[in-house]
Amino acid sequence: MTVPFKTVDPDGDLDIYARKSVARKGQRNTELSVGQQVDDGIRWAQWNGYRVRHVWVDHGISGSKDVKRPGYDAGLNALESGEIRCLWSYKLDRFSRRGALAVLTIMERLEGRRIYFGADNLDTSEPKDRRMIMWRAEDAKEFSDQLADRVSDSWRYSKDQGYWLAPRVPYGLAKTKNRKLIADISPATPGKPKGPTKADIVRRIIAELGDGATAPTIAKRLNEESIPCPSGGIWSPQYMYRIIKNPAYIGLQTSSKWFEREDPIHRDAQGRRVSVGEALVSEADQMRARKAVKERTKLFGEVSSPARRGVRSVPRHLLSGLLHCGGCGRKMVRRGSSYNCPHKTSGGRPCLAPGNVMAKYADEFVFAAFVSRMTTSAPDDALILAVASRWLASYRPDSVSERKGAVERVADAKAALQDLLDARYKRGEFSGPAGEYFPGLLAEAEENVRNAEKALGAMPEPTADISFLTEPESIIAAWADSTEEQRRGLLALALDGICVRHKFGAGRTKVTAERFHYAWAGFTRVADMEQAA
């Protein structure tokens, strides 16, 4: 439940909604403060015979993005439920910047109630004001869109110029007044000015990784030498993997969310790499370190998570990754002959009802539930449709990819047609002599849509024959002939997860089917943890 910013009179009949956007450093603050907005709302309420009940505030939240605004939602809910007769907002652009459609949708639900925009002197209960409210809402959205475009263009220009824009600077580097990166020559260990610098530590990590040392070994050495990590704590292998991928260490600008990209280097409009300052190491040394790490990754290559390397990355047990503890929701792990809550086996945050179950019973119950559910479902059941879709994606990916490409081509053709219509009727780009070219371009765009739709219609819908999964005898036969990995694949077609509740009673108790809750594919998840304790 959202807590009001301020309660004036619990029995009042008007709420005030105030909002202030995110303040940006270096920009003049022209927005009315929250306190001033609230004071104006209280004065208006007194003049118009209302008593203010609650004040709802969203501070630092955009009014144009599709994000949750607790104060906004609470004020509207109070108005729609009849708790108040009026919701007051200082100005329409403080209320919403999402355009006329968003405001109109709200107004249609307010029978006998009103929203009043103080500075605009507009009232949703007045028919003569509705047209102006729509107009102002579109103006607010247009201004927000233009501002977002200007910010985006400015951000892109600054990155192309080689300025470091992120608030944090990578460990081992420092930012100059001109927003360029240089080597950080401050001591790596506070209080030891004659020791290695932070830049020296980065060079050492990259050199040792390139020479064949493992990230855990390097982290252990740094911790033994009492050299604090970038966050001030102890070193972990994760820091090493980021260092050998970050382009800033070779003097190049990073792309947005570089750590999630295969190519983390930013490129300008001409495709050229951009310098961001001084290079701590050569590109050859960084690539040598990355290659050495990649060669030690046995299965998944460089894109794998550093925590999931080698043969341990492959599940060795039938239900690994599928079973979840009913007490805390975390994935259960296999220890000995049982699956257990990780809290019970390896510590971590407490679990009030840690689940555990003998592996042989869990395997039997899950397989029995899988067979029963698959063989008793109708052909048009959501589970069967989801299994067929997953089977296609796993065993016939080419057919799925081909149809997906055709669907995307239809969408692209329609988008191009809509953009052409907007250019003509909204942006006025075909006014004057240029107008003679519009009919030809329109005919071409319409033809592209028709051709894309025709190609999609002529493409057969990919089908999957999963009849062997709908008959008990064939499932049991397929199961007997499958490896452990293939059996996991069959279960994954139909199951998103399995919740194992805490055992009922103390001491040795019989494992029963009631302890297992199945999340079948194709169905909306429903929280069912009440019996976990």
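Read the figures in this text as sums done on the coordinates, not as results from a lab. The structure displayed is predicted, hence computed values, not measured ones. Note: ideal-geometry Cβ built from the backbone for every residue, glycine included; neighbour counts use all protein chains shown.
May I ask which residue of Gly191, Ser282, Pro230 lies farthest towards the positive end of the charge dipole of region 173-310, with charges of +1 (Lys, Arg) and -1 (Asp, Glu) on Cβ and the Cα centre as origin?
The residue sitting farthest along the positive end of the dipole is Pro230.
If r is the Cβ-Cβ distance from His59 to Tyr157 and R0 is 25 Å, what FRET efficiency results, to the nearest 0.05?
Calculated transfer efficiency: 0.25.
5 Å is the cut-off here: which amide hydrogens, built 1.01 Å from N in the peptide plane, fall below it relative to Trp88, excluding neighbours closer than 5 in sequence?
Amide H neighbours of Trp88: Asp15, Ile16, Tyr17, Tyr116.
Excluding Arg487 itself, what net charge comes from residues whose Cβ is under 11 Å from its Cβ, given Lys and Arg +1 and Asp and Glu -1?
Summing Lys/Arg as +1 and Asp/Glu as -1 gives -3.
Test of understanding: ordering Met240, Met358 by Cβ neighbours within 10 Å, fewest first, what list do you get?
The most exposed by this proxy come first: Met358, Met240.
Projected area of region 399-458, taken from the Cα convex hull and averaged over every viewing direction, in nm²?
4.2
Please give me, ordered by residue number, the trypsin sites (Lys or Arg not before Pro) of region 179-261 that lie in loop per DSSP and have at most 15 other Cβ atoms within 10 Å.
Passing both the DSSP loop test and the Cβ count: Arg179, Lys194, Lys257, Arg261.
Using +1 at the C-beta of Lys and Arg and -1 at the C-beta of Asp and Glu, which of Phe430, Leu441, Ala413 has the Cα lying farthest in the positive direction of the dipole of region 399-458?
Among Phe430, Leu441, Ala413, the one farthest towards the positive end of the dipole of region 399-458 is Ala413.
Please report Lys91, Lys404 as a ranked list, fewest other C-beta atoms within 10 angstrom at the top and most at the bottom.
So the ranking, lowest neighbour count to highest, is Lys404, Lys91.
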